[in-house]
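What follows is a single structure, written as structure tokens, with notes after it.
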Amino acid sequence: MQASVSSLAADTPDPTLSALDALVVDLAMARGLDEVMAVVRRNARGLTGADGISFVLRENGRCYYADEDAVTPLWKGQRFPMEACISGWAMRHGEIVVIEDIYADDRVPHAAYRPTFVRSLVMVPVRQDDPVAAIGAYWARRHRPQPEVIRALRRIANSAAVAMTNIALVNSLSAALEEAERAKDAIILAMASLAETRDNETANHVRRTQHYLRALAEGARERGLFSEELDDAALDLLFKSAPLHDIGKVGIPDSILLKPGKLDEEERAVMQTHAELGRVAIANAERHLGGSSSFLRLAKEIAYTHHERWDGAGYPQGLAGQAIPLAGRLMAIADVYDALVTERVYKAAMTHDEAVAVILSERGRQFDPRLVDVFIEIAPLFGEIHSRFADAR
């Protein structure tokens, strides 16, 4: 049987962290690729209950089995063509692979596996877009891993991607500006992926809100609003920083974040802490990078203020009116629109027209009235963006 699944760190240990959270922190603190692989080697088997773990690097069109921890040796130090191993398949397709019986799957090179104990496996690419590595988990008996095990492996892989990207950034400080810009974008998307893997929302929510935010900001500028704050550079920063608006959800317990229903008052209060957790997470990133940058400052502002309300009844600070930064006021409309028109396990999706009516009804209460006026005029563009990045069903 086979299946494919598409897809705050502190300076001192926190005793309240789960083992998986502690692994994520260790990866965030890693200063080299060897440290990244060592963290995975020391921890991943215990977290997943696997009989073996391997860390496979994509190296010049080949799969390099760079590190492993297993009950008996696997392929450490060996290299195979990308087309000849399941790790290569996972990296070429950017998909998680779950195989209950390796001998019933033609993608697996059976001859290479017969000398080993492996009967079942999960292979997770490190970075979904243009994967740079893969992490494999293996079982000696025919085994179908539980969804939480697959989620854990995906989170480990995404955290490794963040660590590897940060390491690449540090090692390329003297590189050309264009290279630095690409690394910066990779960090943003990788950090955002941490929140995605723990939330019921999808990566498409991040893409949609990015584009909503830019469309609304451009619409405001075209109408002569906030022109001094919305020059071309600011629009680019808004677009690139927007994916981190919910990074604080990394710190919300699964029992609340993944609850298949409405939250009670106590749970809602915990969920609301994600705005402050997001601010702290990005502030930690600034500290570890040795200073701030315009895109991290803006990302921190968006994460911290996008749940404030124009009438002062929002959170976490209870800011009102223009005391709320413009970036937070823009993201508030983008985020709420997407929540309204997107189906969740606990609610049906509204139509585009119903969502527009809801946002209009909150003009001057939840939302900046001038931005609502812009939104009403460009609302069809929001509908087009939602359709373009619709969730797969």
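Laid out as a table, the results:
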{"read-out": "Carbon + sulfur, % of accessible area of the stretch 302-346 - ligands and nucleic acids excluded, 1.4 Å", "value": "49"}
{"read-out": "Accessible surface, the stretch 234-275, averaged per residue in Å² (probe 1.4 Å)", "value": "43"}
{"read-out": "Candidate aspartates and glutamates - alpha carbon under 15 Å from Lys347, same-chain residues fewer than 8 apart omitted", "value": "Glu201, Asp338"}
{"read-out": "Coil-residue trypsin sites (Lys or Arg not before Pro) of the stretch 248-350, DSSP, other Cβ within 10 Å capped at 16", "value": "Lys262"}
{"read-out": "Accessible area (Å², 1.4 Å probe, nearest 10) - Thr165", "value": "10"}
{"read-out": "Per residue solvent-accessible surface (Å²) - the stretch 48-160, probe of 1.4 Å", "value": "40"}
{"read-out": "Accessible area, probe 1.4 Å, largest first, for residues Ile378, Ile302", "value": "Ile378, Ile302"}
{"read-out": "Cα gyration tensor, the stretch 232-376 - rounded (a/c under 1.5), prolate or oblate", "value": "oblate"}
{"read-out": "Probe 1.4 Å, all protein chains present, accessible-area order of Trp310, Trp75, largest first", "value": "Trp310, Trp75"}
{"read-out": "Difference of contour (0.36 nm per residue) and Cα-Cα distance, Arg268 to Met29", "value": "82.9 nm"}
{"read-out": "Cα gyration tensor shape for the stretch 225-281, rounded if a/c is under 1.5, else prolate or oblate", "value": "prolate"}
{"read-out": "Accessible-area order (highest first, 1.4 angstrom probe) of the listed residues Val280, Val206", "value": "Val280, Val206"}
{"read-out": "Fraction of accessible area attributable to carbon and sulfur, the stretch 103-167 (%, probe 1.4 Å)", "value": "47"}
{"read-out": "Nitroxide proxy distance, nm - points 7 Å out along Cα→Cβ at Leu360 and Ala22", "value": "5.5"}
{"read-out": "Distance (nanometres) between label positions extended 7 Å along Cα→Cβ at Ser227 and Asp101", "value": "7.0"}
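The values are calculated or read from the model by the stated rules, or taken from the named source; none is laboratory data. Quantities reported herein were computed from a predicted structural model and do not represent experimental measurements. Backbone-built Cβ (ideal geometry, glycine too); neighbour counts: all protein chains shown. Just so you know, the surface numbers come from the protein's heavy atoms only, side chains and all, with ligands and any DNA or RNA stripped out. Shrake-Rupley method; radii C 1.70, N 1.55, O 1.52, S 1.80 Å.
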